[in-house]
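*Asks:* Take this structure, written in structure tokens, and hold onto it; I'll ask about it next.
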Amino acid sequence: MRCLHPPAGTGEQVPGKAKNFYLYCMKNKWNRIVIVLVIMAANIGLDQWTKVWARQTLQYRPSRSYWDDFFRLVYVENKGAFLSLGSDLSEDVRMAILHFFPAVLLAVLTVYVMLSKALNKWQIVGMSFIVGGGISNVFDRILYAQVTDFMNMGLFGLRTGIFNFADVSIMVGLAIMLPFALQKDPTPLPVDVEVEEKD
């Protein structure tokens with residue numbers, strides 16, 4: 001049987017007997033899957049709920065400005081990708097790039113974040129945010145052929161593109177992942193251990 005050591009510094013102990021060790025591994029595996037699914041579901045749920053609110057509250061209405069125009073609520077139907085990228089592409093190209101490829105990529109990333117031994121707990125959280133936001137936007141593109149965007153921020157004459165909470169999830173996930181990508185000497189990955197069951 002193969003399993004990862006518990007994270008260093010957590011105080012968890014690896015059970016000595018092979019049977020208990022196997023149960024320990026399986027429990028941690030399913031705990032991880034549940035955590036990933038909960039984070040993804042929370043991001044998708046928040047994004048979809050706020051998009052329904054935006055369609056009901058902001059569509060066909062003037063934009064709203066807050067905090068000396070730092071934050072705006074403005075309804076936009078985006079046929080492109082993140083921050084409207086690719087919105088001017090032809091229908092066939094947009095279908096391939098914004099529907100098929102992201103759906104396959106997100107399916108692969110979902111399996112990866114659930115099962116990969118190369119991720120630590122913060123990377124798992126970050127990847128779950130990214131995948132959750134990506135799934136929510138792809139869901140919109142498949143169902144509505146467009147994505148609802150409704151938030152905009154600006155400071156000192158510079159403004160962001162118009163975005164939604166799925167985009168925020170992706171950016172939060174990237175922010176969590178960034179410190180690990182910039183590490184010069186990454187923390188060594190957990191070491192696999194072999195446990196042989198004796199008669």
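The values are calculated or read from the model by the stated rules, or taken from the named source; none is laboratory data. Since the model is a prediction, treat every value here as computed from it, not as a measurement.
*Asks:* Quickly run through segment 25-69 and pick out the residues that are among the small types (Gly, Ala, Ser) and more than 25 Å from the chain's Cα centre (by Cα).
*Replies:* Of everything in segment 25-69, those that are among the small types (Gly, Ala, Ser) and more than 25 Å from the chain's Cα centre (by Cα) turn out to be SER63, SER65.
*Asks:* Which fully enclosed helices (runs of 4 or more DSSP H) of segment 69-175 have 1 or more residues being closer than 19 Å to TRP49 by Cα and at pLDDT below 90?
*Replies:* 121-144
*Asks:* Scan segment 125-136 and tell me whether some residue there is among the hydrophobic types (A, V, I, L, M, F, W, C) and more than 12 Å from the chain's Cα centre (by Cα).
*Replies:* No.
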